[in-house]
Amino acid sequence: MSSDCIFCKIVNGTIPARKIYEDDQVVAFHDIHPQTPVHALVIPKRHIVCLDDLRDEDRTMAGHLLERVAHVARELGVAAEGYRTLINTREHGGQEVDHLHIHILGGRRVGPMVCR
Ligand code: 5GP
Ligand code: ZN
């Protein structure tokens with residue numbers, strides 16, 4: 001837990017979020033500024049800053065996190081038509097919140113991946 005982290009505050013309920021799924025290791029909630037009709041974020045409950053901070057001992061949690069992304073996408077009804085997943089890492093990756101999160105973007109066709 002990092003006391004100044006927005007996503008840790010969502011995990012512990014200090015700030016509200018539209019939660020979709022929660023278990024002992026991960027939480028999924030709707031993005032506050034959706035880029036697509038369906039835009040969810042799936043995060044580990046533990047404060048891990050970014051993908052580069054994952055370590056060997058996180059393998060089980062990371063596998064669970066990814067499997068739950070697929071589960072949440074099915075729950076949101078976007079799995080059949082498809083969706084995009086995205087992980088931004090640090091400054092050049094465009095990461096704005098320093099707590100590892102996987103975006104689920106769906107509900108419409110998203111364009112080819114363009115990096116501007
Ligand atoms: P990043 O650019 O770090 O990959 O994405 C961070 C995402 O978190 C953005 O899409 C942004 O809209 C979302 N976000 C930032 N603050 C909040 C918040 O307080 N609540 C929710 N639900 N989403 C947030
Ligand atoms: Zn955090």
Checklist line | Positive-end residue of VAL72, GLN95, ALA62, charge dipole of segment 6-106 with Cβ unit charges | finding: VAL72
Note to self: Which order do you get for THR14, THR60 if you rank them by accessible area with a 1.4 Å probe, largest at the top?
What the structure shows: THR60, THR14
Notebook entry, point to check: What's the center-to-center distance, using Cα atoms, between segment 56-116 and segment 12-26 in Å?
Noted result: 17
Check: Taking Cα pairs under 8 Å and at least six residues apart, what relative contact order does segment 6-106 come out at, in percent?
Finding: 32
Notebook entry, point to check: Once the Cα gyration tensor of segment 1-79 is found, what semi-axes does its equivalent ellipsoid get, as square roots of 5 times the eigenvalues, in whole Å, sorted largest first?
Noted result: 20, 17, 11
Next item on the list: Please sort 15-22, 35-42 by packing, taking for each peptide the average over its residues of neighbouring beta carbons within 10 angstrom, highest first.
Entry: 35-42, 15-22
Checklist line | Value of [θ]222 nm, deg cm²/dmol, for the chain, DSSP H segments ≥ 4, -39500 (n - 2.57) each, nearest 500 | finding: -7000 deg cm²/dmol
Next item on the list: State the answer as a single residue: which of GLY106, PRO16, PHE29 lies farthest towards the positive end of the charge dipole of the chain, with beta carbon charges of +1 for Lys and Arg and -1 for Asp and Glu, about the Cα centre.
Entry: GLY106
Checklist line | Net length gained if the chain between LYS19 and LEU86 were fully extended (0.36 nm per residue, minus Cα distance) | finding: 22.2 nm
Next item on the list: Report, to the nearest whole %, how much of the accessible area of segment 6-106 belongs to carbon and sulfur atoms, 1.4 Å probe, protein only.
Entry: 49
Next item on the list: Mind checking the per residue accessible area of the chain for me, 1.4 Å probe, whole number of Å²?
Entry: 64
Check: What area, in nm² and to one decimal, does the C-alpha convex hull of segment 43-116 cast on average over all directions?
Finding: 5.7
Note to self: Nothing charged except the Cβ atoms of Lys and Arg (+1) and of Asp and Glu (-1): what's the magnitude of the dipole of the chain about its Cα centre? Round to the nearest 20 debye.
What the structure shows: 460
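The values are calculated or read from the model by the stated rules, or taken from the named source; none is laboratory data. Since this is a predicted model, take the numbers as computed values, not measurements. As a convention, Cβ positions derive from the backbone with ideal geometry for all residues, glycine included, and neighbour counts pool all protein chains shown. SASA here: full protein model, heavy atoms, side chains in, ligands and nucleic acids out. Shrake-Rupley method; radii C 1.70, N 1.55, O 1.52, S 1.80 Å.
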